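Colleague: Sharing a structure, written as C-alpha cells. Questions coming.
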Amino acid sequence: MEPRLGVRILHATESFFLAHASGIGAAASMSRSDDPKNGASGAFSRRGFIRGAASTAVALPFTAGAVAEVTEAASEAPAVDSVDSQAVTLRINGQPHTLSLDPRTTLLDALRDHAGLTGTKKGCGHGQCGACTVHLGGERILSCLTFAVMAEGRDITTIEGVAAGAGELHPMQQAFIDHDAFQCGYCTPGQIMAAIACVREGHATSAADIRESMSGNLCRCAAYPNIVAAIEQARSRLQET
Ligand code: FES
Ligand code: FES
C-alpha cells in the first residue's frame, strides 16, 4: 500500500541527512529508503540518523570550546599593526622623497598613497595585469610585487617622469596618442612604461616580438593592435635619437 504522505516525507528527510552525514552517495541512500521491501534498512536508517544527531550534539560544545581557545590565543598574539614605520628615502624621477613607511608597504602604494604620484595604476595588485609597471634602475618591474624598502637607493621612474620637459611628451606617449592606443586609459601608464622598456631591451623587432614582450600588460579595452602600432612608430623615433 502506498505510504501516507507524512511517512514518505519522513523517509525522504532521513535519506537526505544520511547521505550528507555519513558520506554515502545520495543515490544509494534514496534507493534503500524508497524500496518498500527494505523495512529493516529503514529501521537501521532511523537509528543511524539519531546516532548522527546525538554525536553532532556532543561535538558542538567541544567545537565551541576549541573556537574559544583559538580566539583567546589570537587575542594574546601581538597585533600585526604594531610594526613600526621607518623612514625610507626613494629617488623618484630624479627627486628624493623621504617617506615614513611600514616596511611591508609595496612600492606601488608608496608611490600612490605616500608620494602622491597617482599616475601608476593599481589593477590586480597581484602581479597579473601590468598596470603598476614602473622602471627600477632602468628595468621594468611590477611595483605591486616590490616592497618600497627594496627600492631605496635606486632610481625609480614613473609615468610622471618620462617626458623630457613641460609640453614635450616622450616619443612613446606621443605614439600612443597618434595611434589611439587607449580607450579608458587605465592600463596606459603601465603600457607606456613597459613599451619603453620593450624597445630598450631590443624586443621590438617585429609585431610578434612586441606582442610577446608586452604580453604581461593587459588591456581590458583590447587596444592591442593600436598599442603594437604605437610601439613600432616610437621604436623608429627612439632609434634615431
Ligand atoms: Fe601590479 Fe596588476 S597591479 S600587476
Ligand atoms: Fe582601457 Fe587599456 S585602455 S584597459
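Colleague: If contacts are Cα pairs under 8 angstrom and at least 6 residues apart, what is the relative contact order of segment 86-160 in percent? Mind showing how you got there, number by number?
Modeller: Working: 152 pairs, mean separation 28.8, N = 75.
In percent, rounded to a whole number, it is 38.
Colleague: Hey, could you grab the Kirkwood Rh for segment 86-160? Inverse mean 1/r over distinct alpha carbon pairs, Å, one decimal. Intermediate results must be reported in sequence, preceding the final value.
Modeller: Details: mean 1/r = 0.0844 Å⁻¹.
For segment 86-160, the Kirkwood estimate is 11.8 Å.
Colleague: Of all DSSP beta bridges located in segment 86-160, what percent are antiparallel, nearest 5?
Modeller: 90
Colleague: Report the net charge of residues surrounding MET172, where surrounding means a beta-carbon distance below 15 angstrom and charges are Lys +1, Arg +1, Asp -1, Glu -1.
Modeller: Numbers: positive: ARG140, ARG200, ARG235, ARG237; negative: GLU160, GLU168, ASP178, ASP180, GLU201, GLU232, GLU240.
Result for the local shell: -3.
Colleague: Sketch the reach of a paramagnetic label on ARG237 as a point 7 Å from Cα along Cα-to-Cβ, and name the residues of segment 143-161 whose backbone nitrogen lies under 15 Å away.
Modeller: In segment 143-161, the label zone of ARG237 (backbone N under 15 Å from the point 7 Å along Cα→Cβ) covers no residue.
Colleague: Here's another thing I want to ask about it. Taking the beta-carbon count within 10 Å as an exposure proxy, list VAL88, VAL162 from fewest neighbours to most. Could the numbers behind the result be given before it?
Modeller: Values: VAL88 22, VAL162 19.
Going from sparsest to densest Cβ surroundings: VAL162, VAL88.
Colleague: Same structure, new question: Quick one: grab the alpha carbon gyration tensor of segment 162-240, order the square roots of its eigenvalues as a ≥ b ≥ c, and give me rounded if a/c is under 1.5, else prolate or oblate depending on whether a/b is larger than b/c.
Modeller: Numbers: a/c = 1.64, a/b = 1.08, b/c = 1.52.
Since a/c reaches 1.5 but b/c is at least a/b, the shape of segment 162-240 is classed as oblate.
Colleague: Distance from the Cα centre of segment 162-217 to that of segment 119-144, in angstrom?
Modeller: The distance from the Cα centre of segment 162-217 to that of segment 119-144 comes to 14 Å.
Laboratory data are not the source of any read-out in this text; all were calculated from the coordinates shown. It should be emphasised that the depicted structure is a prediction, and the values quoted were computed from it without experimental measurement. Note: ideal-geometry Cβ built from the backbone for every residue, glycine included; neighbour counts use all protein chains shown.
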